[in-house]
Ligand code: KG4
Ligand code: ZN
């Protein structure tokens with residue numbers, strides 16, 4: 001089974017072809033980050049228009065690289081949600097139109113399921129069951145995963161997502177969008193122990209998370225520095241370090257709890273924030289202590305990409321799933337509503 005996939009849920013146009021026998025044949029990504037950077041965040045209307053411009057040339061590129069014609073495809077998968085409605089509609093309409101003209105079935109894929117399954121694209125793929133920490137710009141969730149489509153939500157952020165907190169904290173210090181990688185880079189020059197940020201919701205039982213308090217703490221610390229001496233480069237680095245340590249510690253504490261509660265020894269991390277090196281190190285040492293393993297995708301498959309949608313779509317289409325003829329998007333789409341295979 002060979003599947004072409006289109007990812008267009010936010011500010012990245014990702015296209016890929018996955019073959020159930022041969023694996024990932026080709027993939028390409030166009031990031032709109034530079035276009036949105038001047039606005040300090042994603043402008044939905046600009047995102048939709050840019051997906052329209054970039055998707056078809058990327059599909060041509062990916063099909064050429066994979067040496068694949070439309071007659072060698074068995075289906076088209078596309079991200080149907082969650083995400084920005086206009087951006088999702090571009091991918092959904094394009095997928096349905098190509099499928100209609102090429103006589104192929106389509107399948108609506110859940111963006112977060114794509115992230116969750118991305119580590120299965122790697123050579124040392126995790127076996128089911130595992131606990132997954134999904135940490136992106138829009139979501140922070142802990143999920144017990146028994147198989148594809150067998151997802152039990154264990155906990156999630158009650159306010160900002162982890163990536164969103166990174167981005168907002170970065171913006172307060174006038175760092176470019178998206179802020180996560182910039183905070184991580186600055187943190188390398190931070191003075192350990194100068195600031196101590198809270199570890200929200202770790203002093204009480206439960207697996208829900210909260211990041212808005214951390215963001216407020218950052219805002220107050222930044223304001224204090226500005227008032228005292230002006231915000232110096234060293235202040236920024238020290239705040240970045242304290243913020244990163246607090247966010248990562250909080251995620252690590254909740255991962256430990258989730259693994260214990262679900263009785264699992266395998267942890268998967270996925271989504272943009274899973275590219276964070278300090279988070280990976282911290283979770284490696286946690287899993288060493290717990291005599292378990294941690295899995296994550298290569299950095300380019302941590303953030304949005306087409307390969308993860310092609311993988312998820314291929315597994316589901318192989319199991320016989322396909323759409324009817326409607327064009328449907330799900331800007332909000334709880335993951336536990338998905339069918340299992
Ligand atoms: O998964 P993703 O590409 O898009 C969404 O589905 O949201 O995640 C993007 C998020 C952004 O908030 C970005 O700042 C964050 O991932 N991110 C990072 C790092 N790389 C990307 N956060 C912390 N450290 C990083 N190295
Ligand atoms: Zn994403």
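Data table
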quantity	calculated
In the stretch 96-142, the residues that are part of a helix (DSSP H, G or I) and either touching a helix residue (DSSP H, G or I) at 6+ places or on another chain (Cβ under 7 Å) or within 16 Å of ligand 2 (Cβ to nearest atom) (or both)	102, 111, 112, 113, 114, 115, 116, 117, 118, 119, 120, 121
Evaluation of residue 149 against (1) more than 14 Å from residue 259 (Cβ to Cβ); (2) buried (at least 16 other Cβ atoms within 10 Å of the Cβ); (3) away from ligand 2 (no atom under 16 Å from the Cβ); (4) within 17 Å of the chain's Cα centre (by Cα) (one fails), failing number	(4)
The stretch 1-41, residues that are in a loop (DSSP other than H, G, I, E, B), closer than 24 Å to residue 180 by Cα and at pLDDT 95 or above	8, 9, 10, 11, 32
Hey, residue 138 at pLDDT below 95 and out of contact with any strand residue (DSSP E or B) (no Cβ under 7 Å at 6 or more places or on another chain) or not	yes
Unmet criterion (only one of (1) within 25 Å of residue 294 (Cα to Cα); (2) in contact with a strand residue (DSSP E or B) (Cβ under 8 Å, 6 or more places away or on another chain)) for residue 148	(2)
Criterion: touching a strand residue (DSSP E or B) at 6+ places or on another chain (Cβ under 9 Å), closer than 28 Å to residue 308 by Cα and either touching a residue at least 12 places away in the same chain (Cβ under 8 Å) or surrounded by fewer than 22 Cβ atoms within 10 Å (Cβ to Cβ) (or both) - qualifying residue of 282, 185, 254, 277	254
Unmet requirement for residue 68, which otherwise passes all of (1) assigned to a loop (DSSP other than H, G, I, E, B); (2) buried (at least 21 other Cβ atoms within 10 Å of the Cβ)	(2)
Residue match in the stretch 53-64 (condition: assigned to a helix (DSSP H, G or I), surrounded by 15 or more Cβ atoms within 10 Å (Cβ to Cβ), modelled with pLDDT of 95 or more and over 23 Å from the mean Cα position of the chain (by Cα))	yes
In the stretch 326-341, the residues that are away from ligand 1 (no atom under 16 Å from the Cβ), touching a residue at least 24 places away in the same chain (Cβ under 8 Å) and not in a helix (DSSP H, G or I)	327, 328, 338, 339, 340, 341
Residues of the stretch 283-309 classified as within 16 Å of ligand 1 (Cβ to nearest atom), assigned to a helix (DSSP H, G or I) and either within 18 Å of residue 99 (Cβ to Cβ) or more than 19 Å from the chain's Cα centre (by Cα) (or both), total	2
Options 47, 16, 37: the member that is within 16 Å of ligand 1 (Cβ to nearest atom) and surrounded by fewer than 17 Cβ atoms within 10 Å (Cβ to Cβ)	37
Among (1) part of a helix (DSSP H, G or I); (2) surrounded by fewer than 23 Cβ atoms within 10 Å (Cβ to Cβ); (3) within 10 Å of ligand 1 (Cβ to nearest atom), the one test that residue 165 misses	(2)
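The values are calculated or read from the model by the stated rules, or taken from the named source; none is laboratory data. Fair warning: this is a prediction, and the values are worked out from it, not measured in the lab. Cβ: placed from backbone, ideal geometry, glycine included. Neighbour counts: every protein chain shown.
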